[in-house]
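Since every read-out is calculated from the coordinates, none of them should be taken as a lab result. Just so you know, these numbers come straight off a predicted model, no measurement behind them. Neighbour counts run over all protein chains shown; Cβ positions are idealised from the backbone, glycine included.
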Amino acid sequence: MDKITFDFKNRTALITGGAQGFGLDIAKRFLESGANVIIWDIDSKMLKKAIEDLNNPNLSSNIVDVSNFKEVESCIKNITKESNIDILINNAGITGPTAALWEYDVEMWKKVVDINLMGTFNCCKTVVPNMIKNNYGRIVNVASVAGKDGNANASAYSVGKAGAIGLTKSLGKELADKNIAVNAVTPAGAKTRILDQMTKEHVQRMLSKVPRGRFLEVEEFTSLVCWLSSEENTFSTAAVFDISGGRSTY
């Protein structure tokens, strides 16, 4: 199937967790569509590899821990001295260990929520003022079907993603009188490295819930994110777009 063409010329996109998986594929598609792209990741080796593989003069990167507000704030200030940020993709996330809530390590639970929820908050809080100033912005928060359904033995991940959905709805309404759209996407399991963080049993349990009977392809996900990030999306905001193969359709 041919890819739909999007026009992101003269737009700057910031993608967190951009060195691998969903984030890397989104970066590739944005670059193909003419955008200037900045990818953030905490993994310096993966970041270096992504820059080398994509090999595009319109691509730059920063090593950033999105759960660290001061780090995020400092980096955004440096970026907006040179450029506006037109598109923000909050994609950075971790699944954390698979364990029952009462057996979950407290520090790990906090870390998962800090990255998946507080990371999204930190980036939105620092980027939105620049978008307000320019009366333009597109924000896509990568949540998960787990944030709607809840996954057993993944309470921290489910809570973090549910929080990102709530944040999307609130922020979208706060910015609804401006040309800024804030939406969330809720994928089911996809063929990315994040599956490697889970037990085989947990992965199989996830797959068994999907009526389509397969995992999401990364390219399918990217197409949805591209439309939500485009100027074409002039009305949808504070919404949750499901891409779970029929698992969760509300």
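Using only the Cα atoms, what convex hull volume per residue in Å³ does segment 48-192 have? Don't skip to the end; give the middle numbers.
Details: hull volume 18.0 nm³, N = 145.
So the per-residue hull volume is 124 Å³.
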If the label point is 7 Å along Cα→Cβ of ASN134, which residues in segment 67-99 have backbone nitrogen under 18 Å from it? 73-90
Fraction in percent of alpha-carbon pairs per bin - 10 Å, the chain: 8, 33, 39, 18, 3
So which residue, out of ARG205, ARG138, ARG29, gets the largest mean-square fluctuation from a GNM of the chain using Cα contacts under 10 Å as springs? ARG205
Between segment 146-178 and segment 202-223, how far is it from one alpha carbon centroid to the other, in angstrom? 20
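At 0.36 nm per residue, minus the direct Cα-Cα distance, what do LYS70 and GLU232 gain on full extension? Give it in nm, one decimal, please. Walk me through the numbers on the way to the answer.
Numbers: separation 162, 0.36 × 162 = 58.32 nm, distance 3.36 nm.
Full-extension gain reported as 55.0 nm.
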Kirkwood radius from Cα pairs of segment 16-117 plugged into Stokes-Einstein at 4 °C, 1.567 mPa s, gives D in µm²/s equal to 88
